[in-house]
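A short worksheet on the structure shown next.
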Amino acid sequence: MSTTIQFTDVSKKYHLGMTRVSLPELVSGWTRSVIQRTKGAANGSRDFWALRDVSFDLKKGDSLALVGENGAGKTTILKLLANITKPTSGEIHINGTLSALIELGAGFHPDLSGRENIFLNGTILGLKKDEIARRYDSIVDFAGLEKFIDTPVKRYSSGMAVRLGFAVAASIDPDVLLVDEVLAVGDAAFRLKCMNRIQELINNGTTLVFVSHNMGLVKAVCQRALFIEKGVVREYGETSEVVEAYNRVMNENRISEFEAVQQTEKIHSSTCEITKVEITAETGQKDIFATHKPAAIHIQYRSFHDLGEIAVVLRIIRSDGVSCAVLYSRVDRKSLLVQKGSGVIKVSLNPLQLFPGAYYVAATIKNAEESMVHDLAYSDWFHVAGTEQAYKDLDAVYEPNRTWSHHLMPIGDLAIKEGEHKTL
């Protein structure tokens, strides 16, 4: 299978500063640079590297997700692939036609109707008039705007404009398709329609480069993923593994920031502190757990006063930030009385029932009235393995206890008696 995209050791550098738009500003900027060089100032001190030595290859029909925080370099990669900007170093080769679903409807004229804008936007995207005419009915049907197609676009809602823009752009059958966050808009039904169209293009041999902060979409659409952080590739490989690594890094960052705030606050008024939060299996294992086996969460604390009754809230949080379970002592009508000294609060889960993935536990101790948080702490990361190897490819929150049954109905019970048939 031939290579469609070769992205080899690509770096991109931008110069930070004001855009010079006049001759005096150009002269002023040139003068300042001469003075800086004369004084021995570092000429590249205002350079910003958006990408550093990024490489990947994609063959026909491959799909790659670019994941990372805002400013990581994802859009820069798309701009380089679309030939909007040039690399500072490295090589980019693309075989075949390219289409981009980035700024949908950017070429629409507000005073023209939807019909007229289909032809205008299609021409901008490289289609000939007869090609647009052949695809016109399917574009309108995809957008679901039959009643409004002769209405000026300036009267469209933002959602309607995006639907029409996607319908036009998706009508092209490119060799390479770039998608940047366009599925973050529209209702659920339209997003599903968009996903189905993208999957259809992939099945027909289109190579996809996909950018989204929705990790569910990323895993549903792409075979491989590239995790980029501050312009540098941090992880590259199978989508589920890269997404898990990305989610873990993002949550570790969030936990570190939050713990710093909590630590600052409790220096002044702590009456009880959580010394350790851990989860253990019945075998004593503390890092890998089985979905269908028991587990227990232990909260070790040290109290500096007699607190009386307290409330404890536990959250089991998955690597993508989803709260998979909330355990609340007051909801479970469990009275917890704390005196000065140390203790351990234990919550047993039998069975654990979490789907495969990486998780951690957040534990909070509050006063009885819940008007004050005594302390908040986190467990280490732990991993859950499914009951079947294939479960590793599924995306869910928990695996419930279940019993299957199957009852066969006698053929006579399914028969429709003569005269009972009704036309709906």
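A few points about this structure:
- Sites Thr283 and Thr3, calculated FRET efficiency, Cβ-Cβ separation with R0 51 Å, nearest 0.05: 0.60
- Summarising the amide proton neighbourhood of Ser319: residues at separation of 5 or more, or on other chains, whose placed amide H is nearer than 5 Å comprise Ala358.
- Proximal charge balance of Gly71 [Cβ under 11 Å; K/R count +1, D/E count -1]: 0
- Sites Ala368 and Ala220 - FRET efficiency at Förster radius 51 Å, r taken between beta-carbons, to 0.05: 0.70
- Exceedance of the 20 Å cut-off in Cα-Cα distance is limited, within the set Lys12/Lys60; Lys13/Lys79; Lys13/Lys86; Lys86/Lys129, to Lys12/Lys60; Lys86/Lys129.
- Across the options Phe355, Met372, Leu336, the greatest Cα extent toward the positive end of the charge dipole of the range 271-393 (unit charges at beta carbon of Lys, Arg, Asp, Glu) belongs to Leu336.
- Pairwise FRET efficiency - His292 versus Asp380, Cβ, R0 = 30 Å, nearest 0.05: 0.85
- Taking 0.36 nm per residue of sequence separation and removing the Cα-Cα distance, the Leu408/Leu112 pair yields an extension gain of 100.5 nm.
- In percent, rounded to a whole number, the relative contact order of the range 271-393 is 34, using alpha-carbon pairs under 8 Å and six or more apart.
- Taken along the Cα-to-beta-carbon direction at a fixed 7 Å, the label points for Ala189 and Thr151 span 1.6 nm.
- For the range 272-277, 3J(HN,Hα) computed residue by residue from phi via the Karplus equation (6.51, -1.76, 1.60; θ = phi - 60°) reads 8, 10, 7, 8, 6, 10 Hz, glycine and proline entered as x.
- For the range 286-305, backbone nitrogen atoms closer than 20 Å to the point 7 Å from Tyr398 Cα along Cα-to-C-beta are found at 288-299.
- The range 271-393: Lys pairs at Cα distance under 18 angstrom, eight or more positions apart or on different chains: 11
- Mean Cβ count within 10 Å, highest first, over the residues of peptides 238-244, 149-155: 238-244, 149-155
- For Thr88, the residues 5 or more places off, or on other chains, whose built amide H falls under 5 Å of its own are Ser11, Lys12, Lys13.
- Pair Val344, Ala133: separation of 7 Å Cα→Cβ label points (nm): 8.1 nm
Bear in mind these aren't lab numbers, they're just calculated from the coordinates by the rules spelled out. Computed from a predicted model, the values in this text were never measured in an experiment. Cβ coordinates were reconstructed from backbone atoms using ideal geometry, including for glycine residues, and neighbour counts include every protein chain displayed.
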